[in-house]
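The next block holds one structure in the form of structure tokens; read it before the comments.
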Amino acid sequence: MEQVSGPVRLSVPVYLGRARIAPLIDTFLEEHPHVSVEMHLSDGYSDLPRQGLDLAIRYGALADSGLRVRKLADNRRLVCAAPAYLARHGTPGAPGELVDHNCILMRFGQTLDNHWRFRVNGRPLSVVVSGNRIANDGGLVRAWCLAGHGLALKAHCDVRDDLRSGALVAVFEAYLGEESRLQIDYPGGKALPRRVRLLIDHLVAGFAS
């Protein structure tokens, strides 16, 4: 195996980084022990050049057209809640009923994610929601949701195990939620160091398996 060395710095959403990316970093470093990986856990926007990052793993479309993309996984955001919350407050039957529920909100930098988007009969629908809990940490939003404090709009990648176990229940399954593909963003216009390309390939292969 060709030896590579040097640092790689990447930004990753907090919960995804701990649950899915960190184990892949472990296997990568077993194969390439002379590489060092610095992982920045953040659910906010990352300015790769300014922060000196080699890549970022993010949900959704690019805000910076100067970046290139490698797809990790298809993903959709969905509204979910703990069975205890639904037992106390009832299960909303349509997106418009969210205005009568406590919604746990996520903040991305200066942007409050309180416009939840759906497709009803093939047409886009945006519902403005509110609630008494707001965080800039997706892991905390998930924890509050699991504790029964309200409804949350979460990426399927983050809550798939909770849905399988029944700890969380998806609502509005008849309505498609907002597509939010999981992808790797990295600078375009220059050759990537081999260690960075190898890590990107390793992450893509890890999600494919």
Residue in the stretch 1-18 that is nearest to Tyr59 (Cα to Cα), counting only those that are among the small types (Gly, Ala, Ser) and surrounded by fewer than 14 Cβ atoms within 10 Å (Cβ to Cβ): Gly6
Could you please find all residues in the stretch 95-148 being among the β-branched types (Val, Ile, Thr) and in a helix (DSSP H, G or I)? Val99, Val141
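Just checking, does the stretch 174-184 include any residue being without any contact (Cβ under 8 Å) to a residue 40 or more places away in the chain and assigned to a loop (DSSP other than H, G, I, E, B)? Reasoning before the result, please.
Here is the first cut: in the stretch 174-184, the residues without any contact (Cβ under 8 Å) to a residue 40 or more places away in the chain are 174.
So of that shortlist, the ones also assigned to a loop (DSSP other than H, G, I, E, B) come out as 174.
The answer is yes; a qualifying residue exists.
Please go through the stretch 19-36 and give me each residue that is farther than 20 Å from Arg181 by Cβ and surrounded by fewer than 19 Cβ atoms within 10 Å (Cβ to Cβ), ordered by number.
Taking the stretch 19-36 first, the residues farther than 20 Å from Arg181 by Cβ are 22-23, 25-36.
Within the stretch 19-36, Ala22, Pro23, Asp26, Thr27, Leu29, Glu30, Glu31, Pro33, His34, Ser36 qualify.
Table: residues versus (1) among the aliphatic types (A, V, I, L, M); (2) open to solvent by 70 Å² or more (accessible area, probe 1.4 Å); (3) touching a strand residue (DSSP E or B) at 6+ places or on another chain (Cβ under 8 Å); (4) farther than 24 Å from Leu67 by Cα.
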site	(1), (2), (3), (4)
Arg123	no, yes, no, yes
Asn132	no, yes, no, yes
Leu151	yes, no, yes, yes
Lys154	no, no, yes, yes
Ala191	yes, yes, no, no
Arg195	no, no, yes, no
Ile200	yes, no, yes, no
The stretch 149-173: number of residues that are assigned to a strand (DSSP E or B) and either under 17 Å from the mean Cα position of the chain (by Cα) or not β-branched (Val, Ile, Thr) (or both): 6
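The values are calculated or read from the model by the stated rules, or taken from the named source; none is laboratory data. Please read these numbers as outputs of a predicted model, since none were measured by experiment. Cβ: placed from backbone, ideal geometry, glycine included. Neighbour counts: every protein chain shown. Surface areas here come from the heavy atoms of the whole protein model, side chains and all, with no ligands, DNA or RNA. Shrake-Rupley method; radii C 1.70, N 1.55, O 1.52, S 1.80 Å.
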